[in-house]
């Protein structure tokens, strides 16, 4: 009887050990008083797999960083080329934002208020023949949509911070500078593309002509625009996303 009971115990123990080996379990630190049920076992497997993925991702990131460091520490790296590329990027950003002077082919749009007959035109007619700040903003947006990379109104370079306000026959900028008609709008970009889009039916420039304003567009082989007068940023700061 005792021999039979011993054989049963050995048989059961063999099955349990086999199950643990198949499940990749270790007896080290295993508390037999708290055996895992099926759900806990599945959660443990998922946790293990997630940790393995995180370790793999960290190894990959570490390898990329190491390769970058090795690249910059390599004597064969052309530091002059890297510096040249960085300067080119800063120069491009400066031209796009108006911080730097810009030159290139483009177009010049000259707009003047229409002829107002004080004896025949009503105030509504006079307003319709006059260029307003909203008209200028719409025209600037149309130029940007047409591919203009740098823009100036008369001698005032347009930047991301440019603001315009109507002051009777003048347009006043955010820095107090004022311009009056005729308004010469200079735009650097693909001349033919901008000309086609601005002169197509339904464009804002066409609408200004219909309202009675004087509009003229010329293509220029080369236009040079001076830098904008941009004030120092007081409130806006660079946002750097923090890693979780």
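The values are calculated or read from the model by the stated rules, or taken from the named source; none is laboratory data. Model, not experiment: these values are computed from the prediction. Cβ coordinates were reconstructed from backbone atoms using ideal geometry, including for glycine residues, and neighbour counts include every protein chain displayed.
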Is it the case that residue 238 is assigned to a loop (DSSP other than H, G, I, E, B) and either in the same structural domain as residue 147 (by TED's automatic domain parsing) or without any contact (Cβ under 8 Å) to a residue 60 or more places away in the chain (or both)?
yes
Over the range 168-215, the set of residues closer than 21 Å to residue 114 by Cβ, assigned to a helix (DSSP H, G or I) and without any contact (Cβ under 8 Å) to a residue 40 or more places away in the chain is 206, 207, 209, 210
One residue is enough: does the range 138-161 have a residue meeting the conditions touching a strand residue (DSSP E or B) at 6+ places or on another chain (Cβ under 6 Å), at pLDDT 90 or above and farther than 19 Å from residue 108 by Cβ?
no
Give the number of residues within the range 200-228 that are in contact with a strand residue (DSSP E or B) (Cβ under 8 Å, 6 or more places away or on another chain) and under 23 Å from residue 188 (Cα atoms).
18
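Test residue 152 against the criterion of being within 21 Å of residue 219 (Cβ to Cβ) and in contact with a helix residue (DSSP H, G or I) (Cβ under 6 Å, 6 or more places away or on another chain), and give yes or no. Quick ask: steps written out before the conclusion?
Values: within 21 Å of residue 219 (Cβ to Cβ): yes; in contact with a helix residue (DSSP H, G or I) (Cβ under 6 Å, 6 or more places away or on another chain): no.
Here the answer is no, as residue 152 does not meet what is asked.
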If you go through the range 99-109 one residue at a time, do you hit one that is at pLDDT 95 or above, crowded, with 19+ Cβ neighbours inside 10 Å and over 25 Å from the mean Cα position of the chain (by Cα)?
yes
Quick test of your reading of the structure: residue 218 fulfils all but one of (1) surrounded by 15 or more Cβ atoms within 10 Å (Cβ to Cβ); (2) assigned to a strand (DSSP E or B). Name the failing condition by number.
(1)
Quick one: how many residues across the range 142-154 are part of a helix (DSSP H, G or I) and touching a residue at least 40 places away in the same chain (Cβ under 8 Å)?
3
